[in-house]
1. So how far, in whole Å, is the C-alpha centre of the range 15-46 from the one of the range 86-163?
2. Mind giving me the nanometre distance, one decimal, between the label points for Trp307 and Lys176, set 7 Å out from Cα along Cα→Cβ?
3. Subtracting the Cα-Cα distance from 0.36 nm times the residue separation, let me have the gained length for Gln200 to Ser349 in nm, one decimal.
4. Would you please put 295-305, 31-41 in order of how densely packed they are, using the mean number of other Cβ atoms within 10 angstrom per residue and starting with the highest?
5. Report, to the nearest 10°, how far helix 158-173 tilts away from the longest principal axis of the Cα atoms in the chain, using its own Cα long axis and a range of 0 to 90°.
6. Can you give the accessible area of Leu308 in Å² (nearest 10), computed on protein heavy atoms with a 1.4 Å probe?
7. I want the local charge near Arg218. Using Cβ-Cβ distances under 14 Å, sum +1 for each Lys or Arg and -1 for each Asp or Glu among the other residues.
8. Using Cα atoms only, what is the angle between the long axis of helix 20-32 and the major principal axis of the chain, expressed in degrees (0 to 90) to the nearest 10?
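The values are calculated or read from the model by the stated rules, or taken from the named source; none is laboratory data. Only a predicted model underlies this, so the values are computations on that prediction, with no experimental measurement involved. Ideal geometry is used to build each Cβ from the backbone, glycine not excepted, and the neighbour counts take in all protein chains shown. Each accessible area value is taken on the protein alone, full model and side chains, heavy atoms only, with ligands, DNA and RNA left out. Shrake-Rupley method; radii C 1.70, N 1.55, O 1.52, S 1.80 Å.
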Amino acid sequence: MAESAQAPELVYLVTGGCGFLGEHVVRMLLEREPRLRELRIFDLHLSPWLEELKTGTVQVTAIQGDVTQAQEVKAAVAGAHVVIHTAGLVDVFGRASPETIHKVNVWGTKNVIEACVQTGTQFLVYTSSMEVVGPNIKGHPFYRGNEDTPYEAVHKHPYPCSKALAERLVLEANGKKVRGGLPLVTCALRPTGIYGEGHQIMRDFYRQGLRLGGRLFRAIPASVEHGRVYVGNVAWMHVLVARELEQRAALLGGQVYFCYDKSPYKSYEDFNMEFLGPCGLRLVGTRPLLPYWLLVLLAALNALLQWLLRPLLLYAPLLNPYTLAVANTTFTVSTNKAQRHFGYEPLFSWEESRTRTILWVQAMEGSAQ
Ligand SMILES: NC(=O)C1=CN([C@@H]2O[C@H](COP(=O)(O)OP(=O)(O)OC[C@H]3O[C@@H](n4cnc5c(N)ncnc54)[C@H](O)[C@@H]3O)[C@@H](O)[C@H]2O)C=CC1
Ligand SMILES: C[C@@H](CO)CCC[C@@H](C)[C@H]1CC[C@H]2[C@@H]3[C@H](O)CC4=CC(=O)CC[C@]4(C)[C@H]3CC[C@]12C
């Protein structure tokens, strides 16, 4: 993949390319990867906006497929130079079964690795998550840590378990010989909580606030820091690391990188108010309105109701014991590893990230403004 002034030659595959992050990665590649000849977008559900991308100079190939189906993955990977594997089942609310989460996130990743090996694709970027590290079930804070900070990673929930297993598979595959005899070069990016245009949970909070007369009620102390990163910067990191994998294979291969930018350290709720505030919502209370023990009880009650109602309907509220523990445990990163290893600088400043997200919330139907 050496730099050349010749015609664009590279074929990229983005799995999960129609998801929240995947869409940003796809658009970023089209805007900022001049060597792109063909962009393959592989997803279980193809979005209508893909059509508008097909009018440019890069060949955009939409592939409806399932990462759990090895043959479908292999067919999509064949002939690609780089795979960016963002597809995953992001579920911490109990919507999907643990088996399904494992199947999509672990087997799906196994299939992607195997497809690279069998077809001769040499470069693989995996979207991992902060969740492979923590917060752990013991509630230990991870305060502005980096990739080398010691932390007791203990997973019980199916989602972090699956992401940790999948990440390990990706890192262990680094150096494996692919078809043709060259070594596979892999790395994993670990975003903290991603925000920005298209963020479903932000949408849910906004709608909930509207239903409650323009108010949200503080549940988490303002002192609990939760790491957040803008989706455009996460996408940019993917594009950049994918570009650099060949040139710096020895340094980047088998490495993990937290995704970070200049977003401020705040609690989950205070951070959301940076966007929801300018859209007419307010967060009631300088301290949590309910005592923590009551929240724990409500979360447990939600878990019980989910279990009881499962034969009849899917009850999957935002609050459950796991989401409460994650929201209520400090987990923030402070690192420059991506800058040192592959020259990453955030493409979007905090102000720009904030403005873009606010504009997106305001454009939502039924804006409180
Ligand atoms: N949203 C967040 O805050 C964070 C997300 N991540 C990771 O980023 C990646 C993308 O997440 P989001 O964009 O937030 O989720 P998303 O749900 O918006 O996107 C995931 C995409 O994968 C596709 N997909 C799911 N199952 C599939 C299957 N069996 N075969 C093919 N495609 C399938 C979905 O259709 C969807 O388009 C995931 O791997 C997730 O674990 C990591 C850290 C934070
Ligand atoms: C207690 C509630 C009171 O308002 C707030 C509940 C908020 C939760 C739904 C979110 C708090 C933290 C989020 C997670 C975090 O950002 C890390 C994540 C990384 C991922 O890879 C996937 C998403 C998530 C688990 C994210 C999910 C939503 C929260 C638990």
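1. Cα centroid to Cα centroid, the span is 21 Å.
2. Computed distance between label sites Trp307 and Lys176 equals 3.7 nm.
3. Details: separation 149, 0.36 × 149 = 53.64 nm, distance 2.21 nm.
Full extension from Gln200 to Ser349 adds 51.4 nm.
4. Values: 295-305: 15.5, 31-41: 17.8.
For the peptides 295-305, 31-41, the packing ranking is 31-41, 295-305.
5. Helix 158-173 sits at roughly 20 degrees to that axis.
6. It works out to around 100 Å².
7. Values: positive: Arg215, Lys266, Arg282, Arg287; negative: Glu269, Asp270.
Within the 14 Å Cβ shell, the charges total +2.
8. 40
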